[in-house]
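One structure is given here, and the rest of the page talks about it.
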Amino acid sequence: MSRFYSRNTRELVPYVPGEQPKDKKFIKLNTNENPYPPSPLVMERIRNFNLEDLRLYPNSEGAVVKQAVAKYYGISKDEVFVGNGSDEVLAFIFKAFFDDTEKIGFPDITYSFYPVYSALFNVPYIRVPVRSDFSIDISQYPEDLKGIIFANPNAPTGLYIATYKIEELLKNRPNTLVIVDEAYIDFGGESCAGLISRYDNLIVVQTLSKSRSLAGLRVGFAMGCKELMDGLVRVKDSFNSYPLDRIAQIAAEAALIDTEYFNETRQRIIKTRQWTQEKLLSLGVKTTDSKANFLFVKIPGISGPEALSFLRQEGILVRNFNSPGICDWLRITIGIQEEMEELVEKIKKIIAG
Ligand SMILES: Cc1ncc(COP(=O)(O)O)c(C=O)c1O
């Protein structure tokens with residue numbers, strides 16, 4: 001630590017991203033990436049991109065991406081904000097709407113970036129316990145919160161909250177800004193995007209990293225009423241006014257246009273998830289009812305860290321979180337069918353001792 005660190009920097013406990021190994025060839029089921037390549041249309045657009053155009057700044061608002069999101073969800077482009085990955089969009093949301101004067105709340109088991117951003121932006125927060133089956137009871141959140149944020153489906157549990165329940169929350173808490181992080185919504189849930197025209201206290205966040213196979217491109221977006229999106233633009237233009245580069249913009253637009261490829265690949269992932277879940281249940285492994293591109297599992301007779309390290313030795317990377325209540329659980333990304341067959345074989349080996 002340098003003596004020049006600010007107090008805030010000294011006190012930060014940064015988010016720890018999943019491992020991206022360079023040395024050995026692993027079956028990589030640890031960071032919820034999509035096992036299928038991006039849409040052929042995306043790759044064609046990038047191949048045909050005029051590289052000489054890179055000397056020019058990109059469109060500052062990511063207009064073509066906004067337009068494609070607006071068209072996909074049947075909303076206005078003023079109700080969309082795009083950023084360099086949904087992590088950045090979330091950071092802008094924290095900065096635009098929350099500060100040290102009022103508390104926000106999120107589940108005690110959820111995406112671990114929320115407490116990190118709270119600390120970075122000095123936002124006081126409470127963690128509301130999930131039920132013993134890991135489900136989120138949104139009616140339990142105190143009434144005086146400035147904001148509530150959760151992932152739906154939640155991470156790392158994969159559990160999904162139906163839209164009508166979120167709508168009840170929006171109705172009952174008109175003075176609370178509700179952020180629904182839908183990073184995994186395309187693998188079995190219904191988006192809350194349809195509610196943004198009726199509720200000015202809702203922001204829906206999505207990413208192209210998971211269901212559109214573009215984690216390496218870094219594109220995420222938010223949807224909400226124009227006034228909320230304008231708040232995000234104020235922060236963006238005070239921080240980095242060109243967050244999406246030229247290549248990211250044309251590629252993201254293509255990914256949003258090619259709905260056929262998107263639907264085909266996400267259906268394949270859902271099918272493989274169902275197959276894997278059935279196999280694991282038949283072996284006595286506990287799983288949650290995940291609607292995401294990962295399973296959350298507990299293998300009997302072995303601790304989480306031990307299972308993680310055994311699978312690593314066997315060439316499979318998964319994720320384990322050292323947090324109370326879930327330290328014996330593994331989050332396993334859905335890969336292609338053959339990868340999941342191999343995973344099931346290795347888990348059989350663990351169970352056989
Ligand atoms: C719940 C949740 N939200 C947001 C993100 C961030 O995604 P990205 O920054 O790649 O868009 C992730 C990534 O794993 C996630 O799990």
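Kindly state, to the nearest 0.05, the FRET efficiency for E341 paired with L41, given R0 = 41 Å and r defined as their beta-carbon distance.
On the way: r = 30 Å, r/R0 = 0.74.
Calculated value: 0.85.
Of the GluC sites (Glu not before Pro) found in the stretch 166-203, the ones in coil according to DSSP and having at most 15 other Cβ atoms within 10 Å of their Cβ are E190. For the set K25/K271; K28/K348; K171/K210; K279/K346, the pairs lying more than 21 angstrom apart at their alpha carbons are K25/K271; K171/K210. Projecting the Cα atoms of V80, Y111, I136 onto the charge dipole of the chain, computed from C-beta unit charges around the Cα centre, puts Y111 farthest toward the positive end. Structural descriptor for the chain: relative contact order 24 percent, calculated from alpha carbon pairs under 8 angstrom and at least 6 residues apart.
Most exposed first by the Cβ proxy, i.e. fewest other Cβ within 10 Å, how do F239, F187 rank? Write down the numbers at each step before the final one.
On the way: F239 12, F187 24.
Lowest count first: F239, F187.
Here the extension length gained between L12 and N175 equals 55.7 nm, from 0.36 nm per residue of separation less the Cα-Cα distance.
Counting other Cβ atoms within 10 Å as a rough exposure proxy, the listed residues D78, D23, D133 run D23, D133, D78 from fewest neighbours to most.
Extending 7 Å from Cα along the Cβ direction at N59 and again at D100 yields two label points whose distance is 4.0 nm. Label sites at Y72 and W275, each approximated as a point 7 angstrom past Cα along Cα to Cβ, lie 2.6 nm apart.
Taking the stretch 200-243 and a reference point 7 angstrom along Cα→Cβ of F49, the backbone N atoms nearer than 13 Å belong to 216-219. For G105, nonlocal amide neighbours, meaning residues 5 or more places apart or on other chains whose placed amide H falls under 5 Å from its own, are I126, G147, I148, I149. Each label was represented as a point 7 Å from its Cα along the Cα-to-Cβ direction; for S132 and K25 these points are 4.7 nm apart.
Which residue, A91, S60, I257, has the largest displacement toward the positive end of the dipole of the stretch 40-257 when charges sit on each Cβ (Lys, Arg +1; Asp, Glu -1)? Positive-end residue among those listed: I257. Dimensions of the chain from C-alpha coordinates, computed as largest minus smallest value along each principal axis and given longest first, are 57, 52, 51 Å. For K349, the aspartates and glutamates whose Cα comes closer than 16 Å to its Cα, not counting residues fewer than 8 places off in the same chain, are E306, E314, E339, E341.
Ordered by the count of other Cβ atoms within 10 Å of each Cβ, fewest first, W329, W275 give W275, W329.
A short reminder: the numbers here are calculations on the coordinates, not readings from a lab. This one's a predicted model, so the numbers in the text were calculated from it and none came from an experiment. No Cβ is skipped: glycine too gets one built from the backbone with ideal geometry, and neighbour counts run over all protein chains shown.
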